[in-house]
């Protein structure tokens, strides 16, 4: 993450004032404006900035569903295992955007999240992320995380494209 001022604003201003209480499965929203320093020589949002902004949006999502302070208290750390992103349309300087973040499912080890960059009501990028939580270098079982939400929920069936992505990741790991 290289967006320190945005991170500080999120941690010191937005999260302490966040009154949103939603389910882990609800869509969370993080709004931002593309600044000139977020752009590359082509005058659009640079590829690496998408991933950094996604980090901020996931942090906001954890706050929205009441997990942020609980995970800090337990010293659980979120780790991104894999990300894939599809760029649909470029995002220009000064454009206002919203990142929609939604947990789309989980298994005993990993959670799967979809993040969409929406500008002026149109999708500009779609990303899928696989992650996990660790504590003292050990994986936190997803059942413990779900228990922490206080909800009685089970994972939705993973979409077919995520199942194919899991197979691709397994094949990459097998061939390395």
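Of the conditions (1) over 22 Å from residue 54 (Cβ atoms); (2) modelled with pLDDT of 95 or more, residue 151 fails just one. Which one is it?
(2) is the only condition that residue 151 fails.
Here is a check on your reading of the model: is residue 37 within 26 Å of residue 15 (Cβ to Cβ), in a helix (DSSP H, G or I) and free of Cβ contacts under 8 Å to residues at least 24 places away in the same chain?
yes
Within region 60-101, count every residue that is touching a residue at least 60 places away in the same chain (Cβ under 8 Å) and part of a loop (DSSP other than H, G, I, E, B).
So the count comes out to 7.
Could you please find all residues in region 104-118 being in contact (Cβ under 8 Å) with a residue 24 or more places away in the chain, in contact with a strand residue (DSSP E or B) (Cβ under 7 Å, 6 or more places away or on another chain) and either within 13 Å of residue 54 (Cα to Cα) or not in a strand (DSSP E or B) (or both)?
109, 110, 113, 115, 117
Out of (1) over 20 Å from residue 7 (Cβ atoms); (2) out of contact with any helix residue (DSSP H, G or I) (no Cβ under 8 Å at 6 or more places or on another chain); (3) crowded, with 16+ Cβ neighbours inside 10 Å, what's the single condition that is false for residue 89?
Failed condition: (3).
The values are calculated or read from the model by the stated rules, or taken from the named source; none is laboratory data. The structure presented is a predicted model; accordingly, all values stated were derived computationally and were not measured. Glycine also receives a Cβ, built like all others from the backbone with ideal geometry; neighbour counts cover every protein chain displayed.
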